[in-house]
Amino acid sequence: MTGHDVAAHAGVSQSTVSLVLSGNPRARIGEATRERVLEAARELGYRPNLLARGLVQRRSFALGIVVSDLDNPFFTEVVSGAERVAAEADYGVLLGDAREIPAAEHVMRLAERQVDGVIVAGVGLDALPDETREGLNLVLVDEPSGVLPGVASDAAAAGRKAARHLLELGHTRLGFLGPASPAHTFRMRERGWVQALRQAGCTIPSAYLVRTSATVSGGQAGMRRLLSTDPRPTGVFCANDLVALGALKACAQAGVKVPGHISVVGCDDIEMARYVTPELTTILVPARGLGARAARLLLLTLDGRDTGALTGKALGVELVVRETTARRSI
């Protein structure tokens, strides 16, 4: 099937078919005509030749996505949200995982493959030298730079919500588990947490701020350190849900009841948070929404359209109360 077949079937010109199927936002095509063309294409099983369209429009119709750690389910959700939006616009997606290969190297490889743009999630601007960014459309996720366009969640609010929840339950000895990381998200989550505690008049002993990797094993090791303090905290905020899962494991191994002896709050609301026992109280961060918004922002940038509506406000976060938090009992 060709565009000529679709035009004949719909009773319109070949140029009209081209304008409709290209998705050109500036094309002045009536809604009834557009629907007739799309219906004809569906009935005939027509698939556009993206290679030919790419040659005409000087595009590859491919986007890159580079994430800091695909082992973290949060980033697979970011990718899922971005991929859905890209597919709706007839774009393919190439994926890079920066756990072992640096993000900058992934970006350069994607540029060599002439992708139209790259979404980078969980990787700060410092990891992307100027030469890797030159001439390439980039969008950052949760890493505001002031240099590149990006989308973000309200990371500071996540920390504040976690702190206020535990304070409302009567906890005053409160600990934090997370990395000493340049990543904007972790820094802002910790900042919001500390600000809320200080506003409530809570002191924060240095022993209650434990630095550990943002992984399950890191959370397990970090919680062991917190459990060894005297007095130990009765509530803990973990920088992400993987850290929280490790913290729960450490408590179980030490015979410390959650939430009877210690309350635990995670952050992200990955799927596993609902399937551990006890179920994890956490802060929901809209990972798919971040990925989808990043893809829309990149596509609008490629079309030279206004992007202000997507960059002006951070996506909100929500407290999800489950079973790992309770009123202070000791």
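The values are calculated or read from the model by the stated rules, or taken from the named source; none is laboratory data. All of these numbers come straight from a predicted model, not from anything done at the bench. Every residue, glycine as well, gets a Cβ built from its backbone with ideal geometry; the counts of neighbours run over all protein chains shown.
Being aromatic (Phe, Trp, Tyr) and either at pLDDT 95 or above or under 11 Å from the mean Cα position of the chain (by Cα) (or both) is the filter; apply it to segment 35-80 and report the residue that is farthest from Val107 (Cα to Cα). Looking at the filtered set, the residue picked out is Phe74. Please work out which residue is modelled with the highest pLDDT, limiting yourself to segment 19-34 and to residues that are farther than 22 Å from Arg84 by Cα and not hydrophobic (A, V, I, L, M, F, W, C). Per the criteria, the residue is Thr33.
One residue alone among Leu174, Leu140, Leu136, Leu128 is surrounded by 23 or more Cβ atoms within 10 Å (Cβ to Cβ), at pLDDT below 90 and touching a helix residue (DSSP H, G or I) at 6+ places or on another chain (Cβ under 9 Å), and that residue is Leu128.
Within segment 94-125, restricting attention to residues that are within 23 Å of Ala180 (Cβ to Cβ) and not aliphatic (A, V, I, L, M), which residue is surrounded by the most Cβ atoms within 10 Å (Cβ to Cβ)? Selected residue: Gly122.
Inside segment 82-121, residues that are closer than 23 Å to Ser153 by Cα and modelled with pLDDT under 90 make up a count of 1.
For segment 93-113, residues that are within 17 Å of Ser60 (Cα to Cα) and not charged (D, E, K, R) total 7.
Residue count for segment 123-176 under the criterion of being touching a strand residue (DSSP E or B) at 6+ places or on another chain (Cβ under 6 Å), of a type in the set (Gly, Ala, Ser) and under 22 Å from Phe75 (Cβ atoms): the result is 4. Using the structure shown, decide if Val147 is farther than 30 Å from Phe237 by Cα, β-branched (Val, Ile, Thr) and touching a residue at least 12 places away in the same chain (Cβ under 8 Å). When the stated conditions are applied, Val147 passes them. If the condition is being buried (at least 24 other Cβ atoms within 10 Å of the Cβ) and assigned to a loop (DSSP other than H, G, I, E, B), then segment 274-297 contributes Leu280, Val285.
Looking only at segment 281-304, residues that are assigned by TED's automatic domain parsing to the domain that holds Arg189 and modelled with pLDDT under 95 come to 0 in all. Is it the case that Val256 is over 17 Å from the mean Cα position of the chain (by Cα), assigned to a loop (DSSP other than H, G, I, E, B), among the β-branched types (Val, Ile, Thr) and closer than 21 Å to Phe176 by Cβ? Yes, satisfied. Across segment 220-246, the qualifying residues are those that are of a type in the set (Gly, Ala, Ser) and in a helix (DSSP H, G or I), and the one among them that is surrounded by the fewest Cβ atoms within 10 Å (Cβ to Cβ) is Ala221.
Of the residues Ser145, Ser213, the single one that is modelled with pLDDT under 95, within 21 Å of the chain's Cα centre (by Cα) and not assigned by TED's automatic domain parsing to the domain that holds Ala292 is Ser213. How many of the residues making up segment 301-313 are out of contact with any Pro (no Cβ under 9 Å at 6 or more places or on another chain) and not acidic (Asp, Glu)? Count: 6.
Applying a threshold of 6 Å to beta carbon distances and a minimum spacing of six or more residues, or different chains, the list of pairs starting in segment 308-328 at a residue that is at negative phi and assigned to a strand (DSSP E or B) and ending at one that is surrounded by 14 or more Cβ atoms within 10 Å (Cβ to Cβ) and among the charged types (D, E, K, R) reads Leu319/Lys161; Val320/Asp269.
Taking segment 247-263, which residues are in contact (Cβ under 8 Å) with a residue 60 or more places away in the chain and surrounded by 14 or more Cβ atoms within 10 Å (Cβ to Cβ)? Those that are in contact (Cβ under 8 Å) with a residue 60 or more places away in the chain and surrounded by 14 or more Cβ atoms within 10 Å (Cβ to Cβ): Ala247, Leu248, Val258, Pro259, His261, Ser263.
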